[in-house]
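The values are calculated or read from the model by the stated rules, or taken from the named source; none is laboratory data. All figures in this text were calculated on a predicted structure; none of them were measured in a lab. Here Cβ is always computed from backbone atoms with ideal geometry, including for glycine, and neighbour counts include all displayed protein chains.
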Amino acid sequence: MPIAGAVCAAFLALAAPAMGAGPSLAMLDRLDSGNWEVRVREAGAQPQRMCLTTGHRLIQLRHPGAACERFVVEDSPNEVVVQYTCKGRGYGRTHIRRESGRLVQIDSRGIANGLPFEFAAEARRVGDCPGT
């Protein structure tokens, strides 16, 4: 059984990054904290403002505050792609491209509240958070 053991060890070595701490999504941490405005590119959509201390919040705009399992598809200096599943609430796949520390482009799609969603948006830092 030495071959089976070697195959098992090789599989675990390949799977370790997915099971461990995983990618850091450092690009989202490099975004400037403050008050951000998210503008969805669709007729009639109203801009949404949010106070961000980290850009990680931009991943789940249709599932805010939900504890979801995340799988990082891409983690590069200027782009991240994350798939997430919120047990009993739906799922999504979000692509965020950094243009600067104060401007990102977001594409997201998935299911929320039993209905499909798909949107493209621009998020821009517009100032300090209220009260700071």
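Assorted remarks:
- Filter result for residue 77 (surrounded by fewer than 17 Cβ atoms within 10 Å (Cβ to Cβ), over 22 Å from residue 24 (Cβ atoms) and out of contact with any Pro (no Cβ under 8 Å at 6 or more places or on another chain)): no
- Restricted to segment 48-65, and to residues there that are in a loop (DSSP other than H, G, I, E, B) and at pLDDT 95 or above, the residue that is surrounded by the most Cβ atoms within 10 Å (Cβ to Cβ) is 63.
- Contact map, segment 69-93: first residue within 21 Å of residue 111 (Cβ to Cβ) and assigned to a strand (DSSP E or B), second residue modelled with pLDDT under 95 and of a type in the set (Gly, Ala, Ser), Cβ cut-off under 7 Å, separation 6 or more or different chains; pairs are 72/22; 86/66.
Residues checked against (1) of a type outside the set (A, V, I, L, M); (2) closer than 21 Å to residue 102 by Cα:
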| position | (1), (2) |
| --- | --- |
| 29 | yes, yes |
| 54 | yes, yes |
| 65 | yes, no |
| 73 | no, no |
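- Among the numbered conditions (1) surrounded by 13 or more Cβ atoms within 10 Å (Cβ to Cβ); (2) of a type outside the set (Val, Ile, Thr); (3) within 21 Å of residue 123 (Cα to Cα); (4) at pLDDT 95 or above, the only one that residue 99 does not meet is (1).
- Sole residue being farther than 22 Å from residue 26 by Cβ, in contact with a helix residue (DSSP H, G or I) (Cβ under 9 Å, 6 or more places away or on another chain) and surrounded by 14 or more Cβ atoms within 10 Å (Cβ to Cβ), chosen from 86, 68: 86
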